[in-house]
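*Asks:* A single structure is presented below for examination.
Just so it is clear, none of the values below were taken in a lab; they were calculated from the coordinates. Since we're looking at a predicted model, the values are computed, not measured. With ideal geometry, Cβ positions are generated from the backbone for all residues, glycine too; neighbour counts draw on all protein chains shown.
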């Protein structure tokens, strides 16, 4: 049920984009406990000037290769799970793509379960009508 929006600078090969998606998905399953096959991702490339990541906010030196990852997911994950997710994504992208850990920006947006429809015009996770 997490929806991942992944934004990165244009010009990377398809395999690079695919690997980012794989790393994020693997961390969603292992660190956040989402079910296997629960993979919904939007991966978008942007031309120069469309992604802005401050080069030094909080003392972290970012480059134009900064990747933005935003997950919309159900509420209820612990701080430990979230930290494990951040770490696993940054480490995985570094190990598999050579992406600097400093260039991995992650944001989580938590929503109630009734805010999802996976198709058929239904709220699959909402409580049954009384």
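*Asks:* Mind sorting out which of (i) 53, 30, 25; (ii) 36, 35, 27; (iii) 37, 30, 29 is the real Cα extents along the principal axes in Å computed from the coordinates?
*Replies:* (i)
*Asks:* Using DSSP, restrict attention to beta bridges with both residues in the chain and report what percent are antiparallel, rounded to the nearest 5. If you can, show how the numbers build up before the last one.
*Replies:* Working: 5 of 20 bridges.
Around 25 percent of the beta bridges assigned by DSSP in the chain are antiparallel ones.
*Asks:* Summing -39500 (n - 2.57) over the DSSP H runs of n ≥ 4 in the chain and dividing by its residue number, what mean residue ellipticity at 222 nm do you reach, to the nearest 500 deg cm²/dmol?
*Replies:* Rounded to the nearest 500, the figure is -9500 deg cm²/dmol.
*Asks:* What does the extension gain come out to for residue 96 and residue 109, with contour length at 0.36 nm per residue minus their alpha carbon separation?
*Replies:* In short, 2.1 nm is gained.
*Asks:* 7 Å from Cα along Cα→Cβ at both residue 16 and residue 63: what's the point-to-point distance in nm?
*Replies:* For residue 16 paired with residue 63, the spin-label model returns 1.0 nm.
*Asks:* Just to be sure I understand: with springs between alpha-carbon atoms less than 10 Å apart, which residue in 39, 100, 61 has the highest mean-square fluctuation in the Gaussian network model of the chain?
*Replies:* 61
*Asks:* Using R₀ = 22 Å, calculate the FRET efficiency as 1/(1 + (r/R₀)^6) where r is the Cβ-Cβ separation of residue 125 and residue 26; round to 0.05.
*Replies:* Numbers: r = 23 Å, r/R0 = 1.04.
Efficiency for this residue pair is about 0.45.
*Asks:* Going by alpha carbons, how many degrees (0 to 90, nearest 10) lie between the helix axis of 79-97 and the longest principal axis of the chain?
*Replies:* Tilt relative to the chain: about 50 degrees.
*Asks:* So how far apart, in nm, are the two label points at residue 45 and residue 78 if each is 7 Å from Cα heading toward Cβ?
*Replies:* Simple spin-label model gives 4.1 nm for this pair.
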